[in-house]
1. Show the residue pairs that are 6+ apart or on different chains and have beta-carbon atoms under 6 Å apart, the first residue being within region 221-232 and polar (S, T, N, Q), the second being surrounded by 15 or more Cβ atoms within 10 Å (Cβ to Cβ) and modelled with pLDDT of 90 or more.
2. Select, from 190, 258, 217, the only residue that is in contact (Cβ under 8 Å) with a residue 60 or more places away in the chain and either more than 20 Å from the chain's Cα centre (by Cα) or assigned to a strand (DSSP E or B) (or both).
3. Could you check region 82-113 and list, in sequence order, the residues that are more than 18 Å from residue 295 (Cα to Cα) and in contact with a helix residue (DSSP H, G or I) (Cβ under 6 Å, 6 or more places away or on another chain)?
4. Within region 205-255, work out how many residues are farther than 22 Å from residue 153 by Cα and either in contact with a Cys (Cβ under 9 Å, 6 or more places away or on another chain) or of a type in the set (D, E, K, R) (or both).
5. Test residue 400 against the criterion of being buried (at least 21 other Cβ atoms within 10 Å of the Cβ) and either hydrophobic (A, V, I, L, M, F, W, C) or on the phi > 0 side of the Ramachandran plot (or both), and give yes or no.
6. Within region 197-208, which residues are surrounded by 15 or more Cβ atoms within 10 Å (Cβ to Cβ) and within 27 Å of residue 132 (Cα to Cα)?
7. What is the number of the single condition among (1) touching a residue at least 40 places away in the same chain (Cβ under 8 Å); (2) open to solvent by 30 Å² or more (accessible area, probe 1.4 Å); (3) small (Gly, Ala, Ser) that residue 244 does not meet?
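The values are calculated or read from the model by the stated rules, or taken from the named source; none is laboratory data. All of these numbers come straight from a predicted model, not from anything done at the bench. Positions of Cβ are backbone-derived with ideal geometry, glycine not excepted, and every protein chain shown enters the neighbour counts. In case anyone asks, the SASA skips ligands and DNA or RNA and just uses the protein heavy atoms, side chains included. Shrake-Rupley method; radii C 1.70, N 1.55, O 1.52, S 1.80 Å.
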Amino acid sequence: MRYYLLFFGFLLFNGFTIAQTDRNNFWNEEIENSSDIIKPHTLSTHPFGIYISRLNHNFNVRSTDKYSFSFEVSSGNVVLPYVKSYELTDPDDRERSKNQPWHTREYSFDLSKVPSKIKEFEADGVIRSYRFDFTLPITVNHEINFSLRVNSLDRGKYPYSVFTSDESIEWFHRNIAGGNDPFSRYHYGINKAGILYKDENDKVLKMDNNNFTIPGIDINYTFYPKLEMNEKHHIYLNFGAQLGVNTSKYNPAADFGISSSILKKMIIMDKNILSFGLSAGVLRQHIFEYGDGVNLSNQDFLCSFEGLINYKVKLRNHNRISYGINYNFQNSYNKKKDMDYIVLTGERINTHWQKTISHLYEDLEGWSAICTYSTKRFSYFVYLREDLNLDNAPDLQTGIGVKMSIKKS
């Protein structure tokens, strides 16, 4: 947490001042005209997360005066070998488990007899996420965005998965970092596709090779307040609210979230813009339900945090190219304290075989590198995302997309 506070303090520090009034007015207008930071949906293609309307944080400083449409595709390689978990229910067993390291519990209980809640999970393949967005500006301070979520699963073969295929990732491990088959892909078999999760109530989530699903639609509202510090210090705030309607049979429920972002902009070399952003939000899951789904998460709230550094360069033809680094944090899908009472079993091929289920009780983190080229009407963007704590859900993720703006008549 201390790193976040340091980052926040740095964000608020005004290290660049423009003395001349006319020059300040010029840059106020320049920042307003180039305010749009194109940040893709860098949310992980997690086998559970794709069925939940998670928050995608907004780092813009105002609503544009144009309608905009965007389409993007992201691909994430997931490798989660089969693991079975037993959540102990007897108070004596729970106390005994709590005082043992997780990796020794399997040998301390007769799992065929001990009272427990049983879960089974395995996932392999490339999960693809397709996003269709439409943004409707209401005024300069208000906008509404509609986002359709579509997902698929496949084996990740060439030429559709140049970077996220099993072969590419294992080539990187063998030749650059990681060593030979560190996640046992070759042991279990490469180029496979399948997701199977059974919760404690014997309800099953299943995806097979080439399956498509439409998990839901998100409706986002954003308010951009006009404040004195906007022109004086180039510091901006926005506030957002999201209603996510999940339409799959695995999670027939609606979620509601709120978020807020603060952004500091600096002028570099008289033509470029350097931005530092910080955003936090919370999503309340299952504000109402319209079916009986799979228990994907026992957290009532999913809290998330994002940090962004973006450098936008103005080119001679007045187009712009920007480079960004994005950090994303989300609390665990399941309550951390429950891990004290869980016994994990599986094939102990490597030192992190248990991650398939244990990562559901850990916070998730990821770093994304983003590049965007923008013209007057179109913006083209690509990104690469890497998991920070190696949960392999996904291991590596890439994305590409385009955004088109149409001026309001």
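1. 222/58; 222/143; 222/238; 222/240; 230/236
2. Numbers: 190 fails: in contact (Cβ under 8 Å) with a residue 60 or more places away in the chain; 258 fails: in contact (Cβ under 8 Å) with a residue 60 or more places away in the chain.
One residue alone meets the criteria, 217.
3. 94, 97, 98, 105
4. 5
5. Details: buried (at least 21 other Cβ atoms within 10 Å of the Cβ): no; either hydrophobic (A, V, I, L, M, F, W, C) or on the phi > 0 side of the Ramachandran plot (or both): yes.
Judged against the criteria, residue 400 is not a match.
6. 205, 207
7. (2)
Residue by residue, here is whether (1) assigned to a loop (DSSP other than H, G, I, E, B); (2) touching a His at 6+ places or on another chain (Cβ under 8 Å); (3) open to solvent by 60 Å² or more (accessible area, probe 1.4 Å); (4) free of Cβ contacts under 8 Å to residues at least 24 places away in the same chain holds:
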{"position": "113", "(1), (2), (3), (4)": "yes, no, yes, yes"}
{"position": "123", "(1), (2), (3), (4)": "no, no, no, no"}
{"position": "131", "(1), (2), (3), (4)": "no, yes, no, no"}
{"position": "138", "(1), (2), (3), (4)": "no, no, yes, no"}
{"position": "158", "(1), (2), (3), (4)": "yes, no, yes, yes"}
{"position": "169", "(1), (2), (3), (4)": "no, no, no, no"}
{"position": "183", "(1), (2), (3), (4)": "yes, yes, no, no"}
